[in-house]
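A short worksheet on the structure shown next.
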Amino acid sequence: MKNPLFILWLIVAAALTFGLARLVDNAYFYFAGYVVLQYIVLSTAWNILGGYTGYVNFGIPAFIAVGAYSTVVLHKTTSLPLVAMIAIGGALSALLGVGTGYLTLRLRGTFFSIATLAMAVVMQTLVTNWDFVGGSRGAYIIRPATVQYLGINYIEYLFLIMLGLSIFAVATARAIEKSRLGFGFATIRDDELAAEASGVPTLKLKLIACGLSGGFMGMAGSPLPYYVTYLDPASTFSLSYAVNTIAMPLIGGTSSWLGPILGAILLGTLQQVATVTISSAVSLLIVGVLLVFFVIVAPKGILGWFQK
Amino acid sequence: MAASLRISGLDAGYGAVSVLHGVSLDVREGETVALLGTNGNGKSTLMKCVMGMIRPSAGTIEVEIDGVKTNLVGMTTEEIVNLGIGFVPEGRRLFPRLTVNENLLMGAFRIAARSQIERNLAFCFEVFPRLAERRKQLAGSMSGGEQQMVALARALMSAPKMLLIDEPSVGLAPLLVARTIDSIKTLKDGFQLSVLMAEQNFTQAIRIADRGYVIVHGHIEFEGGSAEELNNNDIIRELYMGA
């Protein structure tokens, strides 16, 4: 399928999703749906680096935080529309991705992962001590009740924005997968030394992957202050973001764009349902149980079942 | 136009362990030169130095391609491949989860090679008809001999002027070793390459080599100007026959 046709399909799917949400007509549906969509963006972004090139990034919360806190700063200092804030948050986060990549990509395997984890801790310390964005007390954001020019509630607007970002992220991931760039990423995953020996510009490709992956995570994090209305470092840098974002592609399958979506929908929906019907602590337990189940039964994720 | 290589006074090692001591070696235009030695004598280290994967502590590595001389010390692997030097690493090192076709296309990442993809692919498939049959198969699922064909073809897809081959015979059945060595000769003639081949299998290597060097404990112990000179040599008898 050609890329424009694929994007058309994505838009149709997104329109159906939004139509369904309008049909249900319950604010909670938007709140829950936002989280699932946010995880589609996050896990797709993670998979560009983690799945395609094989570099496991544990620093996800740092990228989300760059997006979220850049929104806090912009909210306090400017009156930019949310879409512009997302673009800025994404750009800053992509820069963090390239910067981290440049400093750490000489490290391979586990060492790279540990470095990204350390990077998240450093970022949390910085944010906690930055008074302008609220420091450890956190920042309050008052969101408008409605979006005048669309005639919808603000939470519906956030849901739509996240739907749009999901389309953007998934379309990008799929386009990469079928391109020279995507095969270049795969050579790094399969055998980095051989990739170098074949003349694949490995450092450049890894920096591109880091930038794209970080950029999308930042974009997913940018609307977060408007969603939660109270943003504090402890919950922004919560380990559950990192755990969920990594678990979803692993459960869905890391080899293709579809895997992170399947994982995010399955795990994200289960967690939302469990949070309402049982308790929010159970939703983390679900991640653990599902991960163990998939590692034993389907180590290549849901996609692995369908491939020979 | 082919390429030539001149290594002189090369010292290299891994951290505190030094492996190569003042190695000097030449590959002239259009030659096949065998670098002979048993395990652990520094053949692979020498190859990796030329490819920029290990930085030598002393000495120079100079190539001349189409009349332009370049010192390779300090260059990255990518830049060295871009100059027109192809490398077949020891143990083949394919991309197992990509197909044969994708493996070959990844060999042509070098910009100068992209315009020649069709022609080079056709030539590789002519030399290795087996690969044409299996172009859609995952490289990791192929036999050792077939994988060696893919590794050679992948290196050639970068349209090199000089080819470095590290132990093409490793892990192959004797019959396949002979075939692989023959195909190196065919490829070399087809692409008008200069070849430096590291090999333990002495008898197979000298079948196609114009000249050869014997490396022992990181020194060049003997330089043979022809296959006969290598054949009638005491060091080789000692190393290979144990006499």
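Tell me, what is the Rg over Rh of region A:3-238, with Rh the Kirkwood radius over Cα pairs? Ratio of gyration radius to Kirkwood radius: 1.00. Shape summary: chain B maps onto an equivalent ellipsoid whose semi-axes, from the alpha-carbon gyration tensor, are 27, 21, 17 Å in decreasing order.
Do the sum for chain B: with -39,500 (n - 2.57) for every DSSP H run of n ≥ 4, divided by all residues, what is the mean residue ellipticity at 222 nm, to the nearest 500 deg cm²/dmol? The partial results should precede the final answer.
Numbers: 10 runs with 86 residues, N = 243.
Dividing the helical sum by the residues of chain B leaves -10000 deg cm²/dmol.
Please report, to one decimal in angstroms, the Kirkwood hydrodynamic radius of region B:105-243 built from all distinct Cα-Cα pairs.
Values: mean 1/r = 0.0612 Å⁻¹.
When all Cα pairs of region B:105-243 are included, the Kirkwood radius is 16.3 Å.
Which one, A:S93, A:S79, A:S256, has the greatest fluctuation when you compute a Gaussian network model over chain A with C-alpha springs under 10 angstrom? Maximum among the listed residues: A:S79. Put in line by how crowded their Cβ is, counting other Cβ atoms within 10 Å and starting with the fewest, B:D166, B:D11 read B:D11, B:D166.
Put simply, the amide H of B:A3, placed in the peptide plane, has neighbours under 5 Å in B:G30, B:S194, leaving out anything fewer than 5 places away on its chain.
Each of A:S280 and A:I142 was given a label point 7 Å from its Cα along the Cα-to-Cβ line. The distance between the two points is 2.4 nm. Looking at region A:16-120, none of the chymotrypsin sites (Phe, Trp or Tyr not before Pro) sits in a DSSP loop with at most 16 other Cβ atoms within 10 Å of its own Cβ. Legend: helices of chain A (whole DSSP H runs) are marked when their alpha-carbon atoms reach 30 angstrom or more along the helix axis and their mean Kyte-Doolittle hydropathy is at least 1.6; marked are A:3-24, A:82-104. For B:E221, the amide hydrogen comes within under 5 Å of the amide hydrogens of B:V214, B:I215, B:V216, counting only partners 5 or more places away or on other chains and with H modelled in the peptide plane. Bridging of A:K178 to aspartates and glutamates at a Cα separation below 13 Å is possible for B:E102, once same-chain residues fewer than 8 apart are set aside. Going from the residue with the fewest nearby Cβ atoms within 10 Å to the one with the most, B:H21, B:H217, A:H75 rank B:H217, B:H21, A:H75. Convex hull volume of the Cα atoms of region B:56-177, normalised per residue: 124 Å³.
For the protein assembly as shown, the normalised intensity computed at q = 0.09, 0.12 Å⁻¹ comes to -0.75, -1.07 (log10 of I(q)/I(0), Debye sum over alpha carbons, equal scatterers, no solvent). Translational diffusion of region A:1-101, estimated by Stokes-Einstein from the Kirkwood radius over alpha carbon pairs at 20 °C in a medium of 1.002 mPa s, is 134 µm² per second.
Between A:M1 and B:N39, the modelled label-to-label distance comes to 5.2 nm, taking each label 7 Å out from Cα in the direction of the beta carbon. One decimal place: the segment B:E223-B:Q116 gains 34.9 nm when fully extended, by the rule 0.36 nm per residue minus the C-alpha distance. Would you please give the residues with an amide H less than 5 Å from that of B:E90, counting only those at least 5 places away or on a separate chain, with H modeled from the backbone geometry? Amide H to amide H, under 5 Å and 5 or more residues apart or across chains, B:E90 pairs with B:D166.
One chain, two ends: A:V12 and A:L126. Fully extended at 0.36 nm per residue, the span grows by 36.9 nm beyond their Cα-Cα distance.
Taking the number of Cβ atoms within 10 Å of each Cβ as an exposure proxy, the fewest-first ranking of A:C210, B:C124 is B:C124, A:C210. Rounded to the nearest 5, the antiparallel percentage of DSSP beta bridges internal to the protein assembly as shown is 60%.
For the residue pairs B:K161/B:K188; B:K136/B:K185; B:K69/B:K185; A:K204/B:K136, the alpha carbons lie more than 21 Å apart in B:K136/B:K185; B:K69/B:K185; A:K204/B:K136.
Rule-based calculations on the coordinates, nothing more; no lab input. As the structure is a prediction and not an experimental result, all values here were calculated from the model. Note that we place each Cβ from the backbone using ideal geometry, even for glycine, and neighbour counts take in every protein chain shown.
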